[in-house]
Amino acid sequence: GAYDHLAEIAEAGIMCLKVEGRKKKPEYVATVTKGYREWLDRVARGEFRAPSFEETAPLVQIFSRGFTGGMYGGRAGREYITRTQPDNRGLELGVVRESRDGEIIVDVTLPVAVGDGLGFEPPGGGHTDTVGFAVQEVRAEQQRDGRWTQTLASRVRVAPGWRVFRTSDSTLLRQARASFSALSEAGRARRVRLDVRVFGAAGAPLKAVLMADGETTTERSDAPLTPATKRSLDAAQLREQLGRLGDTPFVLGDLDASGLAAGLFLPVSDLNHLRQRAVEELLQRRDWAHAAVLADRAERIATAVRVEASSGDPATSFTLAAEVFDLDDARAAARAGATEVVLDPFLRHPAPPRARVAALASELAESGATLRLRTPSVVRPEERRSLQPWLDLGPPLLSGHLGLVAELGDAKRDIVADYAVNCFNGHTARELFAMGARRITASVELTAEEIAQLVAPWNGAGFEIFLYGRPEGMNIEHCVLSAAFDREPTTCRDLCVQKHTNVELTDPTGYTFPVATDSACRNRLLHSRPVDGAQYLPRLWRAGVRSYRAVFNVRGDRVGDIVAAYRQMLAALAQGAPAPLDGVRTILGDEFTRGHFARAV
């Protein structure tokens, strides 16, 4: 949570904060929004003080994980990521005093209520040993010196001395629900005003003019008005019958009966039929009007998102780029048929000497392959000095750093925009081309069909596809190695260079994610399995895409074999022949994923 840093954020000129509420329960969104609304109002009044424990306690209760100030206060150390348990234990309340059959006695700093969720841990920790339950009954309670002794009904036996955590606060949840339930009721109560004017004389049908939301309809009764023998038709009866609008979006507003002669009668059934016909007509007109608005909106959106571009027929030649971090892998890729080799010298410590990279460029050029350097996707101002000598080598470049794409494109450098620029649509592509990007790598979150739509205005020209490998899921300022060994970040390169060159993180489901520590001591979290888009190559080729990249960013990748397999596929497509699409999967076995090509994000 950023609550401890709101003053600094405001002083930096930030005008908008985002609360991440996707895939969260509404109670969570309500509680977090309420807290930050109050704290931001305080900042707006010039009160720059951090929220108290009592003020942040609702966030601790409503969120299922722990809290951190992130990188707002600089690079965080060991406490940034919790290693002993995967989630937030809740608010610690006290200890178990006694355990008896069917009940436990707890000594707590805040009272426990029916409906609360409680968790219990042994005194020395040991998250895997925890037990818990939802409180069904509070049988006894005593308060003294700011503490409560409560007897709780319990089907589980908890040993005395175990710590008590409130994992769910029933009162907080009830208050959160109340805060938005009233809003939803108000939303459902919004209805359209319906005004009515009626006219009529004996022997003629009743005429009603009904007006709602800018639409007007006129209806007449089936039967004529007749002199009344008992109760005559008046404003009260008209309001009662015409106001029966039920579940329709209308509510009766003004009723003008000045045009109706006195002393007349009309059966109630006729009034009801008149009302029903009028409501149906108004609803139909509302639908027509709404459809017209939607059609106009759709046309304006289509005009806005339409990208005008032109290109000739797709070329038959292709680019097969192999991205590596090791110089020997670069040579292996070129020997296997890569037309371009992308070297990421920053991916892992230590970076190779620049002189050796320059020599590699000459060596590859002799074999007909181009060497392109990949820059980090994150470059802080203070890091530009160390990057500049690499730029001064003058090679073609690949960068996911939008600022570098703009700067180097403006300088007429050969720069390819990497997938980190998040090119999802034609507008973004047009801007990137205008910046000077020679090629654009489509977002790795687009399906094959979405990629085809993206590249269509250009017939595929100028686009590159991440065809194989592990995308970087995150670039993290936090270093898991330095934190694990309680070392100062950026001063412990012996860990990643010498002692622990192969680092992985394992999620609760058992998937392992390789972690690369780059030259700026950032962690690049890689996907657990490589993406293989071979089966989508024919579709992408038909869309006109002629540049494809295979990425090798973990040690032990079979660079030569995989590059050769893709080269064979692309060569077949270029000749109009069936492509052997199973070559890479024969190498990988089951250790791959179709990734973004098959699933929309």
Would you mind finding the one in Ala182, Ala176 that is touching a helix residue (DSSP H, G or I) at 6+ places or on another chain (Cβ under 9 Å), within 30 Å of Val29 (Cα to Cα) and not in a strand (DSSP E or B)?
-> Ala176
Those helices (runs of 4 or more DSSP H) lying entirely in the range 529-601 with at least 1 residues under 28 Å from the mean Cα position of the chain (by Cα) = 537-542
Just one of the numbered conditions (1) modelled with pLDDT of 85 or more; (2) in a loop (DSSP other than H, G, I, E, B) is not true of Leu152; which one?
-> (2)
When only residues in the range 532-560 that are touching a residue at least 12 places away in the same chain (Cβ under 8 Å) and farther than 26 Å from Ala315 by Cα count, which is surrounded by the fewest Cβ atoms within 10 Å (Cβ to Cβ)?
-> Arg555
Filtering the range 212-239 down to residues that are in contact with a Leu (Cβ under 9 Å, 6 or more places away or on another chain), over 16 Å from Leu282 (Cβ atoms) and not in a loop (DSSP other than H, G, I, E, B) yields Ser221, Asp222, Ala223, Pro224, Thr226, Pro227, Ala235, Gln237, Leu238, Arg239
In the range 403-448, what count of residues is obtained for those that are free of Cβ contacts under 8 Å to residues at least 24 places away in the same chain and closer than 30 Å to Asp532 by Cβ?
-> 4
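Yes/no matrix, rows are residues, columns are (1) surrounded by fewer than 18 Cβ atoms within 10 Å (Cβ to Cβ); (2) not assigned by TED's automatic domain parsing to the domain that holds Arg438:
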{"residue": "Gly460", "(1), (2)": "no, no"}
{"residue": "Glu464", "(1), (2)": "no, no"}
{"residue": "Val480", "(1), (2)": "no, yes"}
{"residue": "Glu504", "(1), (2)": "yes, yes"}
{"residue": "Tyr511", "(1), (2)": "yes, yes"}
Does the range 220-234 contain at least one residue that is surrounded by 14 or more Cβ atoms within 10 Å (Cβ to Cβ), assigned by TED's automatic domain parsing to the domain that holds Gly203, closer than 12 Å to Val196 by Cα and in contact (Cβ under 8 Å) with a residue 12 or more places away in the chain?
-> no
Matching residues, the range 347-371, being touching a Phe, Trp or Tyr at 6+ places or on another chain (Cβ under 8 Å) and over 12 Å from Leu393 (Cβ atoms) = Leu347, Arg348
Breaking point among (1) in a loop (DSSP other than H, G, I, E, B); (2) without any contact (Cβ under 8 Å) to a residue 60 or more places away in the chain, for Gln143 | (1)
Conditions (1) under 15 Å from Asn475 (Cβ atoms); (2) in contact with a Ser or Thr (Cβ under 6 Å, 6 or more places away or on another chain) -> Thr506 fails only (1)
Of a type outside the set (Ser, Thr, Tyr) and closer than 27 Å to Lys499 by Cβ, is that true of Pro350?
-> yes
Return yes or no: is Glu382 without any contact (Cβ under 8 Å) to a residue 24 or more places away in the chain and surrounded by fewer than 21 Cβ atoms within 10 Å (Cβ to Cβ)?
-> yes
Count of residues meeting criterion [assigned to a loop (DSSP other than H, G, I, E, B) and over 17 Å from Ser179 (Cβ atoms)] in the range 13-48 = 13
Those residues that are modelled with pLDDT under 90 and surrounded by 13 or more Cβ atoms within 10 Å (Cβ to Cβ), I need them from the range 182-196; list them, please.
-> Arg191
Name the pairs: first residue in the range 151-163 and in the same structural domain as Glu103 (by TED's automatic domain parsing) and closer than 7 Å to Glu103 by Cβ, second residue aromatic (Phe, Trp, Tyr) and surrounded by 14 or more Cβ atoms within 10 Å (Cβ to Cβ), Cβ to Cβ under 7 Å, at least 6 apart or on different chains?
-> Ser154/Phe133
Going through the range 264-305 one residue at a time, which ones are outside any helix (DSSP H, G or I) and either in contact with a Pro (Cβ under 8 Å, 6 or more places away or on another chain) or in contact (Cβ under 8 Å) with a residue 60 or more places away in the chain (or both)?
-> Leu264, Phe265, Leu266
Looking at the range 515-526, is at least one residue surrounded by 21 or more Cβ atoms within 10 Å (Cβ to Cβ) and over 17 Å from Phe346 (Cα atoms)?
-> no
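The values are calculated or read from the model by the stated rules, or taken from the named source; none is laboratory data. Remember, predicted model here, so these are calculated numbers, not experimental data. Note: ideal-geometry Cβ built from the backbone for every residue, glycine included; neighbour counts use all protein chains shown.
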